[in-house]
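Below: one structure, written as structure tokens.
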Amino acid sequence: MLTRVKSAVANFMGGVMAGGSNGDHPSGSDLPLKFPYTRPEFLGLSPDEIECSADHIARPILILKETKRLPWSTGYAEVINAGKSTLNEDQACCEVLVLKRRPAGSIGPNRAPMTRRRSSLPNGEGLGLQENLDSSEDLTLHYWALFDGHAGSGAAVMASRLLHHHIALHLQEVMEILCTPDLVPPTCLSEEPINHHLTPSSQRVLTRAASLRGAAGAPGSPSTPPTRFFTEKKVSHESLVIGAIENAFKDMDAQIEKDKSVYNISGGCTALVVVNLLGNLYVGNAGDSRSIIIRSGEVIPMSAEFTPESERQRLQFLAYMQPHLLGNEFTHLEFPRRVQRKELGKRMLYRDFTMSGWAYKSIEEDDLKFPLIYGEGKKARVLATIGVTRGLGDHSLKVHDSNIYIKPFLSCCPEVRVYRLAQCEHGADDVLVLGTDGLWDVLSNQEVAEAVACFLANCDPDDQHRYTMAAQDLVMRARGVLKDRGWRISNDRLGSGDDISVYIIPLMYGNKQN
């Protein structure tokens, strides 16, 4: 246990204790890779350029070669870590997806295919989006995502390739409802497909009839309907999109677990995704990456980090309800510091899952066990091992030198926040910033907002490269410059030694599209 304590305290830069880049599969090298390691496809890097980018001394900042590779003139920049891991374990993905409406009678357990297209112009023009929606009634969504890997890049690479497909499939299941704004989502879907040629009022009557078929007093029943003593919750269209994103994360995590039996999928990853659909931005976060909107100088947080400290009560409650998960080596209680044997019988400050404050308790033998959550800030760890509490993968991750699995304490469920893009007019300097924790470890929300606003104010508003250059400037500010005492940023503070990935997404193109 002492070895675990030293490892947990020493390893404050990474999410997981060092154990090799292929970390979480005991025979990983004997299995083929699910997907080969690479950098984001939209960067358009050659194998030689990818190899050169993995320079932990020079740490070159990679940016887009052509802005038209991303929709909305989105800016992107990234830099590798200062030696924490051999590869850049961050991954990124950006797609423009077109969901095809199912033909009549196709609703059922089998999911229909969908097509995918990437923007041909920076602002999304040239796609014929509006014409597409009007003529073929397809549904177009924009997707941006960042994945921060740990203990290997396998899970991050796999999620960057597949998560958007899971989201699209779940959205397609409710596409018929989403495409009819006046239709209240029915409580229960019948086997028959929703008929879009009906008026909203008649549609609602028919779906209600289907949902209540067989119930006493159901609409259309020949008998006189009795008084109804139950109510139905009103479910919004937004909540259907949120549910689709949440279930897509769960499906992605389940696929990683399933595929690990036949492929080498190392480690785990956090996930931060943005979906632009029908005038709204949906920001889903599972992990410690972060997103903010900068609008007219105001900072609007669009995510919250999930760490051992922020999820302390959830973790402690799980350990309290299922103590076998602690392997008789950990305690679910939290103390200000490690309890020493000489303090048995004394009263010490503590707190459990029911408490946000602190109180005193008499120290018992069980309190000498290592705490479930140990450390503070970026050094906080769950089971002395991992510093994030939500994400994908990590199914084989164990406490060092033990048989205690950590996955039961990790959640793959994202928090999804909604920004009503169509309800606000946005200028050229109003942007959504997404960044992995390498950015936010050294820069605050306000520092990022001021840096972006200052940079964009000195650029030509019509220059479509301005957002890529702003992303590059932001990464440079967080990385700093290499000096005798390591990487340093402003005021001689320690710069970020982690992988850093940043999107800067201008919001005004969303207004034009909507």
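The values are calculated or read from the model by the stated rules, or taken from the named source; none is laboratory data. Bear in mind that the values here come from a model prediction, so they are computed numbers and not experimental data. Virtual Cβ from ideal backbone geometry, glycine too; neighbours counted across all protein chains shown. Just so you know, the surface numbers come from the protein's heavy atoms only, side chains and all, with ligands and any DNA or RNA stripped out. Shrake-Rupley method; radii C 1.70, N 1.55, O 1.52, S 1.80 Å.
Would you check which residues across the stretch 81-91 are on the phi < 0 side of the Ramachandran plot, open to solvent by 10 Å² or more (accessible area, probe 1.4 Å) and of a type outside the set (Val, Ile, Thr) and list them? Before you say what the answer is, go through the steps one by one.
Kept after step one, since they are on the phi < 0 side of the Ramachandran plot, are these residues of the stretch 81-91: 81-82, 84-91.
Filter once more, so that each one left must be open to solvent by 10 Å² or more (accessible area, probe 1.4 Å): 82, 84-87, 89.
Those that are on the phi < 0 side of the Ramachandran plot, open to solvent by 10 Å² or more (accessible area, probe 1.4 Å) and of a type outside the set (Val, Ile, Thr): Ala82, Lys84, Ser85, Leu87, Glu89.
Any residue at all in the stretch 368-380 that is at pLDDT below 95 and acidic (Asp, Glu)?
Checking the stretch 368-380: at least one residue is at pLDDT below 95 and acidic (Asp, Glu).
Every residue, every condition in (1) in a loop (DSSP other than H, G, I, E, B); (2) open to solvent by 10 Å² or more (accessible area, probe 1.4 Å), yes or no:
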{"site": "Lys378", "(1), (2)": "no, yes"}
{"site": "Ala384", "(1), (2)": "yes, no"}
{"site": "His395", "(1), (2)": "yes, yes"}
{"site": "Pro408", "(1), (2)": "no, yes"}
{"site": "Val416", "(1), (2)": "no, yes"}
{"site": "Glu425", "(1), (2)": "yes, yes"}
{"site": "Val433", "(1), (2)": "no, no"}
{"site": "Leu443", "(1), (2)": "yes, yes"}
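Sort out which residues of the stretch 356-367 are open to solvent by 30 Å² or more (accessible area, probe 1.4 Å) and in a loop (DSSP other than H, G, I, E, B), and write them in order of number.
Within the stretch 356-367, the subset open to solvent by 30 Å² or more (accessible area, probe 1.4 Å) is 356-362, 364-366.
Once the filter is applied, which keeps residues that are open to solvent by 30 Å² or more (accessible area, probe 1.4 Å) and in a loop (DSSP other than H, G, I, E, B), the stretch 356-367 yields Ser356, Gly357, Trp358, Glu364.
For the stretch 253-288, how many residues meet the condition of being within 17 Å of Glu89 (Cβ to Cβ) and either in a helix (DSSP H, G or I) or not assigned by the TED database to the domain that holds Ala451 (or both)? Step through it out loud before you land on a result.
As a first pass, look at the stretch 253-288 and keep what is within 17 Å of Glu89 (Cβ to Cβ): 256, 264-272, 286-288.
Imposing the further condition that a residue be either in a helix (DSSP H, G or I) or not assigned by the TED database to the domain that holds Ala451 (or both) reduces the set to 256.
Total meeting the criteria: 1.
Sort through Ser291, Ser310 and tell me the only one that's small (Gly, Ala, Ser) and either open to solvent by less than 20 Å² (accessible area, probe 1.4 Å) or under 24 Å from Glu95 (Cβ atoms) (or both).
On the way: Ser310 fails: either open to solvent by less than 20 Å² (accessible area, probe 1.4 Å) or under 24 Å from Glu95 (Cβ atoms) (or both).
Just one listed residue meets the conditions, Ser291.
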